[in-house]
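> Please find one structure pasted underneath; my questions will follow.
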Amino acid sequence: MIKLIALLQLIRDARALQASGNLGDFAIRKADALGAKASPAVEAQLGEVAGYHPLIDLTGLSQLPNDSFGHVYAQHMLDNQLQPFNISPSLSKVALRNTFALRYAVTHDIFHVLLGFDTSYAGEIGVLAFAVAQGYSPQQKLALRIASWLYPLLAPGQRSQITAARNLGLHLGHQAKMLLAFPFEDHWVMPIADLRTELALPASPSSRQGQV
């Protein structure tokens, strides 16, 4: 009943939350209301990033060197007309209570950049499959099964790309280090190829990953 009340309140406040500019507020409250939790093994590794959500300034990041992680991330966000999932101070208690909901919300677009997946249905399922392979949350396994069935219906022209991106995401998730526990926001100036190598990811992912 408590979760239902929280979800109904979130639906009521959704427009105001999205209009506030702090898109992370909506994402983290939605995840918290739906009871999104990390697996115990992953939760044990998130201690160092508990409550960690520094403000992301796309304008500043776009002025970093072209090969830097921050510049590539900012370019991805600007090209796709996306805003970072910044969290307002009023959500600090929720962020501390549910580190998984916080970090998965604010790092989602970072994952797209590091893994080389675009924002199509294929790219989205690639990121989700990566999260499943890393074992982040039991609920994501069901989400991946649903997406594997639903996305080809929504985008039949992407059917083969969706399957390929799903398989690639699973492969990358098994080989990479635990990305969810990494403080990405401390590494904006690092060359993105070096960062990918440090995280056991391909230094230069194929431009075809997740593309239509």
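Read-outs: derived from the displayed coordinates by stated rules, not from any lab. Bear in mind that the values here come from a model prediction, so they are computed numbers and not experimental data. Using ideal geometry, Cβ is built from the backbone for each residue, glycine included, and neighbour counts are taken over all protein chains shown.
> Sequence-distant or interchain residues sharing an amide H contact under 5 Å with residue 86, placed H: which?
23, 24
> Would you mind working out the magnitude of the charge dipole of region 37-198 relative to its Cα centre, with +1 at each Lys and Arg C-beta and -1 at each Asp and Glu C-beta, to the nearest 20 Debye?
Using only the charged Cβ atoms, the result is roughly 760 debye.
> For region 43-58, take each phi angle, set θ = phi - 60°, evaluate the Karplus expression 6.51 cos²θ - 1.76 cosθ + 1.60, and give the result in whole Hz per residue in order, putting x for glycine and proline.
4, 5, 9, 9, x, 6, 10, 4, x, 8, 8, x, 4, 9, 10, 5
> Continuing with this model, one more query. Any idea how far the Cα center of region 39-80 sits from the one of region 144-207, in Å?
The distance from the Cα centre of region 39-80 to that of region 144-207 comes to 15 Å.
> Additional query: Hey, if you put +1 on the Cβ of every Lys and Arg and -1 on every Asp and Glu Cβ in region 37-198, which of 157, 88, 139 ends up farthest toward the positive end of that dipole?
139
> For region 179-185, in order, what is each residue's ³J(HN,Hα) by Karplus, 6.51 cos²θ - 1.76 cosθ + 1.60 with θ = phi - 60°, in whole Hz (x at glycine and Pro)?
After applying 6.51 cos²θ - 1.76 cosθ + 1.60, I find 5, 5, 8, 8, x, 4, 5 Hz.
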